[in-house]
Amino acid sequence: MTLLSRSAAVIQALDAGKPVVALESTIVTHGMPWPQNLEVAREVEATVRAQGATPATIAVIGGRLHVGLEDDQLVALAQSKHVAKLSRADMAVCMARGGTGATTVAATMIAARLAGIECFATGGIGGVHRGAESSFDISADLQELAQTAVTVVAAGAKAILDLPKTLEVLETLGVPVIAYGQDHLPAFWSREAGLRAPLRADTPREIAEAHRMRARLGLPGGQLIANPIPVEAEIPRATLAPVIAEATRDAEKHGISGKALTPYLLQRIYELTEGRSLTANIALVLNNARLAAGIAQELSALPA
Ligand code: PSU
Ligand code: MN
């Protein structure tokens with residue numbers, strides 16, 4: 001049995017050398033509440049299409065690695081309550097058992113590379129959690145960026161994380177962190193993290209060329225494109241800081257750790273901001289889908 005189950009649209013686009021953008025599914029199952037999660041998943045796909053690229057939402061369904069979901073599959077995922085959150089460590093076990101799971105950034109990158117998709121849009125990547133010096137909680141997304149050659153467009157790392165430590169680890173791992181159109185590192189819901197980004201790019205073309213150059217140099221990993229949230233949708237850092245602090249304290253109080261931590265924090269911040277964090281999250285994901293489609297266009301125009 002073939003490993004990948006590609007949708008007809010994805011097969012057609014890849015065979016014709018047309019631009020394709022990979023999309024993850026954990027943001028649907030663990031990142032946003034129903035029914036906005038389904039609306040956003042559909043809207044992200046529509047945004048990619050409107051930019052002339054083909055969306056490939058990725059998930060494990062019944063043991064098969066799906067690259068490009070049909071709408072009924074997206075609906076089922078968005079509605080399911082106890083679906084697994086898959087990363088590099090557990091995707092093979094889930095597939096071997098015939099299970100179903102949503103793919104995180106790490107697992108989506110693995111699937112995208114297998115399918116020959118070079119560009120991927122998400123909300124924010126995982127990173128080094130606050131208190132990682134005692135919990136050791138560092139997302140597998142960082143390791144994946146170091147070893148899998150996919151360009152990931154995110155709005156930076158999620159502001160719930162320890163951003164200076166996340167940058168340090170990415171530097172150690174040799175992952176280029178490229179802010180789009182500004183010198184500062186964006187922080188997911190806010191345009192600025194109070195840190196300079198290590199690198200900057202101003203056009204999709206530059207990003208595509210750097211992606212190709214890494215391949216020519218024999219460098220295995222990908223690139224992290226940190227695309228700031230649109231101005232009109234941003235929540236200023238100062239507004240969010242106490243909210244994040246409170247959510248983090250609540251997580252500690254309830255002993256939330258491991259895979260459950262990121263979904264818990266996102267949900268708690270959603271409650272504490274009375275939904276404002278979700279509105280911002282949606283705006284930034286759509287913005288990332290737009291940029292990723294532009295990068296995919298440039299990649300398809302450049303020689304492999
Ligand atoms: N972006 C969002 N919401 C999310 C995520 C990304 O806007 O929920 C998910 C991604 O799938 C990412 C995961 O890989 O959160 C990170 O989880 P962890 O910190 O457990 O590695
Ligand atoms: Mn973790």
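Bear in mind that the values in this text are calculations on the coordinates, not laboratory data. Computed from a prediction, not measured in an experiment: that's the story for all the values here. Positions of Cβ are generated from backbone atoms using ideal geometry, with glycine treated the same way; all protein chains shown enter the neighbour counts.
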Set the Förster distance to 51 Å, then compute FRET efficiency between LYS81 and ASP183 from the Cβ-Cβ distance, nearest 0.05. 0.75
Report the extension gain between ARG64 and LEU3 in nm, rounded to one decimal, defined as 0.36 nm multiplied by the number of residues separating them, less their alpha carbon distance. 21.3 nm
Relative compactness, the chain, computed as alpha-carbon Rg over 2.2 N^0.38 Å: 0.91
For region 4-301, compute the number of Lys pairs whose alpha carbons are separated by less than 18 Å, excluding pairs fewer than 8 positions apart on the same chain. 4
At R0 = 35 Å, FRET efficiency that the Cβ-Cβ distance of ASP202 and ALA16 yields, to 0.05: 0.75
Within region 4-301: Cβ-based charge dipole about Cα centre, in debye rounded to nearest 20 (Lys, Arg +1; Asp, Glu -1): 420 debye
For a quick check of your reading of the filter: which chymotrypsin sites (Phe, Trp or Tyr not before Pro) in region 158-212 sit in a DSSP loop and have no more than 16 other Cβ atoms within 10 Å? none
Report the residues of region 1-31 in range of a label on ALA96: point 7 Å along Cα→C-beta, backbone N strictly under 19 Å from it. 1-4
So which GluC sites (Glu not before Pro) in region 249-304 end up in coil per DSSP with only 13 or fewer other C-beta atoms within 10 Å? GLU274
In nm, spacing of pseudo-spin labels at LEU114 and SER134 (7 Å Cα→C-beta vector): 3.9 nm
How large is log10 I(q)/I(0) at q = 0.13, 0.15, 0.20 Å⁻¹ when the Debye formula is applied to the Cα atoms of region 1-152, each weighted equally and without solvent? -0.55, -0.73, -1.29
